[in-house]
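Here's the structure, in structure tokens; my notes come after.
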Amino acid sequence: MPIIETKDLTYTYGEGTPFCKTAVSHVNVSIEQGEFIGLIGHTGSGKSTFIQQLNGLLRPTGGTVLLNGKDIWAEPKKIRAVRFQVGMVFQYPEHQLFEETVLKDIAFGPGNMGLDKDEILKRAHSAAEFVGLNDDLLEKSPFELSGGEKRRAAIAGVIAMDPDVLILDEPTAGLDPRGRDVLLSQIANYHASRHNTIILVSHSMEDVARMASRVLVMNAGEIEMFDTAEKVFARDSELEKIGLRVPQITKIMSVLKGKGYPVTTVLTIEQALKQLMPLLDKGGRKNG
């Protein structure tokens, strides 16, 4: 059974008014437990509206969201419990930090779950460790942290709730290259350790190609593609038509393939080197 499934999921802003606009239209997707999904699409494609329906922040104007086979809106009074199971980390989540200390901020989510104090602290410390926050930072004000540390503290606050599904909306936006690499590495380690489901929304095709097992492409509120990362990024001309690009190394290899070199679609520089080094040893000869 899929952990998350949508059936004809639709959301229209201003429904019934002259200003109505359909942001998500009849979306049908099925996501399995433990998958790492990359979600891409140009600005205005419906990505944000789509993910906000997955944990009940927006109630669909049509269709359903199923969590472990159950409509999340079957019992509206219990929608809060859904948000503990499907955790959401918004773009620039550090703007939501507000507690006196980093530890209290991380503990805020599990504190609302009715857990005892010992379990709350255990989860908060574990989440801080997952994202690489040292103990000496936990008693500081979150506003004393660096930009990257604030981002990690905000993500730890969601991880501490131990969600079955973790949705990350542009988690590396605004970070420097080192901070970005550190955060992505920690997310990958968390996924490998927890074996939960992660949905990563990103404008970085390189990040999505490197981390996601399947890629969901949205365009004009609909699903344009949903397949393995290799198969999606192999359709570079189709992606470019809807305003997206493939990872640079994927594009380079696609050009080489078009010129007759015996190479296949790759997503990382490491994969490209494995194919190119033997060709360089042979003098770069093409097929035939």
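Using the average count of surrounding beta-carbon atoms within 10 Å as a protection proxy, the listed peptides 201-207, 255-261 rank, highest first, as 201-207, 255-261.
Bridging of residue 104 to lysines at a Cα separation below 20 Å is possible for 117, 122, 140, 150, once same-chain residues fewer than 8 apart are set aside. In order along the stretch 140-153, the phi-based Karplus estimate (6.51 cos²θ - 1.76 cosθ + 1.60, θ = phi - 60°) of 3J(HN,Hα) comes to 7, 5, x, 7, 8, 7, 6, x, x, 5, 4, 4, 5, 5 Hz; Gly and Pro are listed as x.
With the simple model of a label 7 Å out from the Cα in the direction of the Cβ, residue 188 to residue 74 spans 3.8 nm.
Sorted on the mean count of surrounding Cβ atoms within 10 Å across their residues, most packed first, peptides 149-159, 233-243, 185-195, 86-96 read 149-159, 86-96, 233-243, 185-195.
How much net charge surrounds residue 201 when only other residues with a Cβ under 11 Å from its Cβ are counted (Lys, Arg +1; Asp, Glu -1)? Result for the local shell: -2.
Across the chain, Cα pairs under 8 Å and at least six residues apart give a relative contact order of 21 percent.
Estimated from the Cβ-Cβ distance and a Förster radius of 51 angstrom, the FRET efficiency linking residue 8 and residue 122 is about 0.80. Taking every DSSP bridge with both residues inside the chain, close to 55 percent are antiparallel. Helical content alone sets the calculated 222 nm signal of the chain at -11500 deg cm²/dmol, taking -39,500 (n - 2.57) per DSSP H segment of four or more residues and averaging over every residue.
For the pair residue 64 and residue 264 in one chain, pulling the backbone fully straight at 0.36 nm per residue adds 68.1 nm over the alpha carbon distance. Straight-distance candidates among the lysines for linking to residue 257, with alpha-carbon spacing under 26 Å and chain neighbours fewer than 8 residues away dropped: 231, 241, 274, 282, 286. Taking a straight Cα-Cα cut-off under 20 Å and skipping sequence neighbours fewer than 8 places away in the same chain, the lysines within cross-link reach of residue 70 are 7, 78. Applying the Karplus relation 6.51 cos²θ - 1.76 cosθ + 1.60 with θ = phi - 60° to the stretch 120-129 yields 3J(HN,Hα) values of 4, 5, 4, 5, 5, 5, 5, 5, 4, 5 Hz, where x marks Gly and Pro. Amide H contacts of residue 62: 10, each under 5 Å away and 5 or more positions distant or on a separate chain (H built 1.01 Å from N in the peptide plane; Pro and chain starts excluded).
What's the FRET efficiency of residue 19 with residue 43 using the Cβ-Cβ distance as r and R₀ = 22 Å, to the nearest 0.05? Computed FRET efficiency for residue 19 and residue 43: 0.65.
For residue 24, the residues whose modelled amide H falls within less than 5 Å of its own, excluding neighbours fewer than 5 places apart on the same chain, are 11. Here the Karplus relation 6.51 cos²θ - 1.76 cosθ + 1.60, evaluated at θ = phi - 60°, turns the backbone of the stretch 160-169 into coupling constants of 4, 7, 6, x, 6, 10, 10, 10, 10, 9 Hz, with x for every Gly and Pro. Projecting the Cα atoms of 272, 197, 262 onto the charge dipole of the stretch 180-288 (Cβ charges, centred on the Cα centre) puts 262 farthest toward the positive pole. Per residue, the average separation of C-alpha pairs within less than 8 Å and at least 6 apart gives the stretch 1-128 a relative contact order of 22 percent.
Since every read-out is calculated from the coordinates, none of them should be taken as a lab result. The model shown is predicted, which means the values in this text are computed figures rather than measured ones. Positions of Cβ are generated from backbone atoms using ideal geometry, with glycine treated the same way; all protein chains shown enter the neighbour counts.
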